[in-house]
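The values are calculated or read from the model by the stated rules, or taken from the named source; none is laboratory data. What you see is a predicted model; the values in this text were computed from it and never measured. Note: ideal-geometry Cβ built from the backbone for every residue, glycine included; neighbour counts use all protein chains shown.
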């Protein structure tokens, strides 16, 4: 058994400095890379232990450990959503994570989303509180935060503490105890926060020291691998590259992979079995995402590492899907079953009612599914790819059945104009965002609107509280039916409403409401119009200037009382008056 380097990924809100932190780590080891002491490929940076010791100096001595890890592997992926592709069945291939938070802005929506993903995959993490150099009056006189803090002015210290303790409070609300790294006594129970500046380099050495120490102390047997075993890995990205065709950027977290190996990878509808044509890594100081980079061709690579794979049929593979190497037919068949089962676990949903989820990768689907589950949003179908007409049709079908969840939600995907117009034509809600957390928030807001609208529709069948007055100067007919000008004093009246007087006696039923020859469905407080009332006889059971109430049954009264949030203060007052009138004859009415 050999000890592999721990896999570390970096997450955080947009513009909080994820890439800048990694860039400084790479830049701080520039001389070592030129001497061949550091390698970078597949957007990953491997930093050997000797290099870390040189950067950290005496800091590593505080851990008092005998280090046997070979170094650290930082996986540099574009955006936090790619972290979800660092996946394997039952968890993540990332051993540790660095959550970057701009100390001046604090926790933002994508920060919360990153924390949700880390919690789901059970990945331990530390926080890099970035941009300390932007704190008012801050002076970076040392590369070590712990030494630099004492040299700051009282105003700068106060400003720092205000921002820092705001982050601590927000983390506590999210369920995490945290503190400055040197004040954490139990790293298993508390999250370490390392203030850093990706611009000046302050705190970067401390960040590397903490990551190295935690890896050595707590990861233990997790880093032990059989380097001669078949490769186990995951696909970060599938790309079509000029001169190479379709390639797969992969991370190998166990075993080894060689040129000409048979590999099995996860695809949309089936597994793909193919052979490795080439294993490539960018030359020193090159970046894998730069099309102008030149590459070294390798015969074999060992975990933990990243590499670009060239092979046939990779255009059918899924980002976020597993990749396994195999030799015998038995191994190949076992790998196919394992991979297919894993993909089905993520993509196949069984809810009879729910949203249609679309995302760009398998890892994104899994991360989004978990977040929706936490917010009790059911998923009917989960698929990879841009929004299609099929998705709209399925959501429309759900809407026709009265589903509250009839919507298509997309994470990191697009919709073309034709499909978007079709969705509008069919009145199907489509919510797209590159932040999973925002997709959830936006849909929950729409869901509350739908629930409220549905409840209002149910209340529409009830008799509504209202109070009207006969305008004595506008009595057009006294009976059969009585027609007069009415003023709505409170609440509202509708065609079909029955009226009672202040003694609770039934007076008649509103036959119609008209204004300048136009029939109206209802009148609300402050409005005036001509009203026709059956069974009312002005001069016998009614008088000009008299006030009347809408007649409400006990059933309708209880229903309205249970939904008081839909009533105005004025309507609540009228409802109370009607109840008091009814209780003159029946003291338990409506109770």
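Pick from region 346-358 the residues that are in a loop (DSSP other than H, G, I, E, B) and at pLDDT 90 or above: which of them is surrounded by the most Cβ atoms within 10 Å (Cβ to Cβ)?
Here is the first cut: in region 346-358, the ones in a loop (DSSP other than H, G, I, E, B) are 348-354.
Cutting the leftovers down to at pLDDT 90 or above gives us 353-354.
Numbers: 353: 14, 354: 21.
The residue in question is 354.
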Exercise. Of the numbered conditions (1) within 22 Å of residue 204 (Cα to Cα); (2) buried (at least 22 other Cβ atoms within 10 Å of the Cβ), residue 159 satisfies every one except a single condition; which is it?
Worked result: (2)
Exercise. Which one of 566, 557 is under 28 Å from residue 455 (Cα atoms) and either without any contact (Cβ under 8 Å) to a residue 24 or more places away in the chain or surrounded by fewer than 16 Cβ atoms within 10 Å (Cβ to Cβ) (or both)?
Worked result: 566
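Based on what the data block shows, is residue 145 surrounded by 14 or more Cβ atoms within 10 Å (Cβ to Cβ), farther than 15 Å from residue 100 by Cα and in contact with a strand residue (DSSP E or B) (Cβ under 6 Å, 6 or more places away or on another chain)?
For residue 145, the condition - surrounded by 14 or more Cβ atoms within 10 Å (Cβ to Cβ), farther than 15 Å from residue 100 by Cα and in contact with a strand residue (DSSP E or B) (Cβ under 6 Å, 6 or more places away or on another chain) - is met.
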For this session: Report the residue count in region 4-28 for those that are closer than 22 Å to residue 121 by Cβ and touching a strand residue (DSSP E or B) at 6+ places or on another chain (Cβ under 9 Å).
Result: 15
For this session: Considering each residue of region 578-590, count those that are within 16 Å of residue 505 (Cα to Cα) and surrounded by 14 or more Cβ atoms within 10 Å (Cβ to Cβ), and give that number.
Result: 6
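Any chance you could count how many residues in region 239-253 are in contact (Cβ under 8 Å) with a residue 40 or more places away in the chain and farther than 10 Å from residue 308 by Cα?
8
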Exercise. Could we say that residue 447 is within 19 Å of residue 354 (Cβ to Cβ), within 26 Å of the chain's Cα centre (by Cα) and not in a helix (DSSP H, G or I) here?
Worked result: no
For this session: For residues that are under 26 Å from residue 26 (Cα atoms), under 29 Å from the mean Cα position of the chain (by Cα) and either free of Cβ contacts under 8 Å to residues at least 24 places away in the same chain or crowded, with 24+ Cβ neighbours inside 10 Å (or both), tally how many sit in region 186-206.
Result: 6
Problem set entry | Failed condition for residue 418, given (1) part of a helix (DSSP H, G or I); (2) free of Cβ contacts under 8 Å to residues at least 40 places away in the same chain; (3) out of contact with any helix residue (DSSP H, G or I) (no Cβ under 9 Å at 6 or more places or on another chain) | (3)
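Table: residues versus (1) in the same structural domain as residue 321 (by TED's automatic domain parsing); (2) at pLDDT 95 or above; (3) over 17 Å from the mean Cα position of the chain (by Cα); (4) under 28 Å from residue 273 (Cα atoms).
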residue	(1), (2), (3), (4)
344	no, no, yes, yes
360	no, no, no, yes
366	no, no, no, yes
370	no, no, no, no
398	no, no, yes, no
404	no, no, yes, no
Exercise. For region 537-548, does any single residue satisfy the condition of being under 21 Å from residue 575 (Cβ atoms) and part of a loop (DSSP other than H, G, I, E, B)?
Worked result: yes
Exercise. Here is a list of conditions, (1) in a loop (DSSP other than H, G, I, E, B); (2) at negative phi; (3) modelled with pLDDT of 80 or more; (4) surrounded by fewer than 23 Cβ atoms within 10 Å (Cβ to Cβ), and residue 54 meets all of them except one; can you say which number that is?
Worked result: (1)
Problem set entry | Within region 140-160, tally of residues that are over 26 Å from residue 60 (Cβ atoms) and either part of a loop (DSSP other than H, G, I, E, B) or within 36 Å of the chain's Cα centre (by Cα) (or both) | 5
Problem set entry | residue 235, sole failed condition from (1) touching a residue at least 12 places away in the same chain (Cβ under 8 Å); (2) surrounded by fewer than 20 Cβ atoms within 10 Å (Cβ to Cβ) | (2)
Problem set entry | Every residue from region 87-109 that is modelled with pLDDT under 85 and buried (at least 23 other Cβ atoms within 10 Å of the Cβ) | 87
Exercise. How many residues, within region 309-341, are under 34 Å from the mean Cα position of the chain (by Cα), under 24 Å from residue 224 (Cα atoms), buried (at least 19 other Cβ atoms within 10 Å of the Cβ) and modelled with pLDDT of 90 or more?
Worked result: 7
Exercise. Is region 69-91 home to any residue that is within 18 Å of the chain's Cα centre (by Cα), in a strand (DSSP E or B), in contact (Cβ under 8 Å) with a residue 40 or more places away in the chain and not assigned by TED's automatic domain parsing to the domain that holds residue 436?
Worked result: yes
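Restrict the check to region 495-518 and report whether at least one residue is touching a helix residue (DSSP H, G or I) at 6+ places or on another chain (Cβ under 8 Å), part of a strand (DSSP E or B), buried (at least 16 other Cβ atoms within 10 Å of the Cβ) and modelled with pLDDT under 95.
no
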Seminar exercise, completed: If we keep only residues of region 456-486 that are assigned to a helix (DSSP H, G or I) and touching a residue at least 24 places away in the same chain (Cβ under 8 Å), then the residue surrounded by the most Cβ atoms within 10 Å (Cβ to Cβ) is 459
